Amino acid sequence: MRVDLNADIGESFGAYRTGNDELLLPSITSASIACGFHAGDPSVMRRTVQLAARAGVHIGAHPGFPDLVGFGRREMNATPEEIADFVLYQVGALDAIASAEGVKLRHIKPHGALYNMSALRRDMAEAIVRAVASLKEPLVVIGPPGSELLAAATRQSLAIAAEGFADRSYEPDGSLTSRRIPGSVISNPSAVAERAVRMISAGTVTARDGSVLALNVDTICVHGDTPAAAALASSVRKALNQAGVEVVPFSA
């Protein structure tokens, strides 16, 4: 058994600090770095790339809607053409910084509302994939298992990685519980670790109503902006190792 452990990081902006990336990085194998639209700025992006490189963590782009106020978690009525441009612009910015630091981008993972909407809408998924496929070196596409996003990437012969969330509650239909609902974010390290191990050892996750969902994943996410994210990631990494699961980058 093997799995990648990822986190969304680099989500500070200017004078505003979100998460503690320095403490989180030692526990993960892949990092999705905010690209300035929902969070992050040029200086934060560069420092985050440097931190990840020093930690030996593979990096990827984490593009979102241009929505700093809403942290990219509000849906936007953007056209497929606009979405493709949003993605290309953000990936290009991070790729330039990574190149300057001698680091290679490995993957792309949409953020927030862009992630959730592209999981369900074929037109949005294809717009994102179209942008990725146009790159000189196409990236691995991360998305929910069985989503329109991964289906679109597969049709374009792009590599994919199905993702599970250890620190988020699931609905019976396999979608993530709205953050407006209490308990949607799981903060207990033991509970988060147990969910992660079960995703890999049994290929399942328990939904909010108690039903058991099939969930076959290549990478598990712990959100960098979740309170005590570093402790959660450390707990997950330790539990996976104890369960005999090899934690390695999916892009290795």
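Just so you know, all these numbers are worked out from the coordinates, no wet-lab data involved. Just so you know, these numbers come straight off a predicted model, no measurement behind them. All Cβ positions, even for glycine, are placed from backbone atoms using ideal geometry, and neighbour counts span all protein chains on display.
Numbers for the structure displayed
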{"quantity": "Rg in Å to one decimal, and Dmax rounded to a whole Å, for segment 1-121 via C-alpha atoms", "calculated": "13.7, 42"}
{"quantity": "Choice from ARG155, ARG180, ARG17 showing the highest fluctuation, given a GNM over the chain with Cα pairs closer than 10 Å", "calculated": "ARG180"}
{"quantity": "Most mobile listed residue (ASN20, ASN241, ASN77) in the chain, GNM with C-alpha springs under 10 Å", "calculated": "ASN77"}
{"quantity": "Inter-probe distance in nm under a simple model that places probes 7 Å from Cα toward Cβ, at ASP123 and MET1", "calculated": "4.2"}
{"quantity": "Candidates ALA202, ALA125, ALA230, ranked by Gaussian network fluctuation over the chain, Cα under 10 Å, top entry", "calculated": "ALA202"}
{"quantity": "HN-Hα J in Hz across segment 6-16 - Karplus 6.51, -1.76, 1.60, θ = phi - 60°, x for Gly and Pro", "calculated": "10, 8, 8, 9, x, 9, 7, 7, x, 7, 9"}
{"quantity": "Alpha-carbon centroid distance for the pair segment 1-70 / segment 83-155, whole angstrom", "calculated": "15"}
{"quantity": "Cβ-placed point charges (K, R +1; D, E -1), dipole of segment 88-236 about Cα centre in debye, nearest 20", "calculated": "80"}
{"quantity": "Alpha-carbon Rg/Rh ratio, for segment 64-173, with Rh computed the Kirkwood way", "calculated": "0.96"}
{"quantity": "Built amide H within the under 5 Å cut-off of ALA161, gap 5+", "calculated": "VAL141, ILE142, GLY143"}
{"quantity": "R0 of 30 Å, Cβ-Cβ distance SER178-ALA228: FRET efficiency to nearest 0.05", "calculated": "0.90"}
{"quantity": "Viscosity 1.306 mPa s, 10 °C: Kirkwood-radius Stokes-Einstein D of segment 2-247 over Cα pairs, µm²/s", "calculated": "90"}
{"quantity": "Mean residue ellipticity (222 nm) of the chain, computed from DSSP H runs ≥ 4 via -39,500 (n - 2.57), nearest 500", "calculated": "-11500 deg cm²/dmol"}
{"quantity": "Under 5 Å, built H, 5+ apart or other chain: amide partners of ILE59", "calculated": "ALA31, ARG106"}
{"quantity": "Residues whose placed amide H lies under 5 Å from that of LEU176, excluding near-sequence neighbours", "calculated": "GLU171"}
{"quantity": "Point-charge dipole on Cβ atoms (K/R +1, D/E -1) for the chain, about Cα centre, debye to 20", "calculated": "420"}
{"quantity": "In sequence order, calculated HN-Hα J values of segment 103-113 (Karplus, 6.51, -1.76, 1.60; Hz; x Gly/Pro)", "calculated": "10, 9, 6, 10, 8, 9, 9, x, 10, x, 5"}
